[in-house]
Amino acid sequence: VRLLLESGADPCLRGQHGQTALRAALGRDCTATVSALLEAGADPKARDIDKDGNTTLHYAVLCHRSPAVIQLLLDGGADLQIPNRQGRTALHCALESPDCTATVLSALLDAGADPNARDDNGWTSLHYVVRYLCSHFVTLLLLKAGADPHSRDKRGHTPI
């Protein structure tokens, strides 16, 4: 990949189904390739890389990519606040995953993910914690980051 990029390949081109080279590299969890693509100008803010309107960051989190890959995207300028078609941010997607690590959650929160951002149902990060039975440690991370335990969703329900 590095040789192709050095020969002038465009890191932002999309395939016939809209897939970017960066998304393909994320699918393989290849840190070196992700790094090379970002250095060559691949857009970590690319949207609509799948039918759900996910960004590269959503995709990386949903596919349980390594904390190093997530950090590369964050360092490259991935936008934490962009929602997908269900209104979910990358933080919401991370909390849906039983395989999401505290390292990834901490990286998202440290980079400025809003723990009180709402999806299309009005759910915040704490609603996801309760729904997906996240650990006590995850709850503490979110509360420490300012998550509101009294927030209500569109049906008037609090996280508890």
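The values are calculated or read from the model by the stated rules, or taken from the named source; none is laboratory data. Here the structure is a predicted model, which means the values were calculated and not measured. Using ideal geometry, Cβ is built from the backbone for each residue, glycine included, and neighbour counts are taken over all protein chains shown.
For the stretch 63-84, which positions are part of a loop (DSSP other than H, G, I, E, B) and over 14 Å from Ala42 (Cβ atoms)?
Cys63, His64, Arg65, Ser66, Asp79, Leu80, Gln81, Ile82, Pro83, Asn84
List the number of the failed condition for Arg88; all other conditions in (1) surrounded by 20 or more Cβ atoms within 10 Å (Cβ to Cβ); (2) modelled with pLDDT under 95 hold.
Exception for Arg88: condition (2).
With charged (D, E, K, R) and either surrounded by 15 or more Cβ atoms within 10 Å (Cβ to Cβ) or touching a residue at least 60 places away in the same chain (Cβ under 8 Å) (or both) as the only criterion, which of Asp110, Asp153, Asp120 stands out?
Being charged (D, E, K, R) and either surrounded by 15 or more Cβ atoms within 10 Å (Cβ to Cβ) or touching a residue at least 60 places away in the same chain (Cβ under 8 Å) (or both) holds for just one of Asp110, Asp153, Asp120, which is Asp153.
Please determine, by comparing only the residues of the stretch 96-121 that are part of a helix (DSSP H, G or I) and under 10 Å from the mean Cα position of the chain (by Cα), which one is modelled with the highest pLDDT.
Leu108
When the stretch 22-62 is examined, which residues are found to be hydrophobic (A, V, I, L, M, F, W, C), surrounded by 18 or more Cβ atoms within 10 Å (Cβ to Cβ) and not in a helix (DSSP H, G or I)?
Ala40, Ala42, Ala46, Ile49, listed by residue number.
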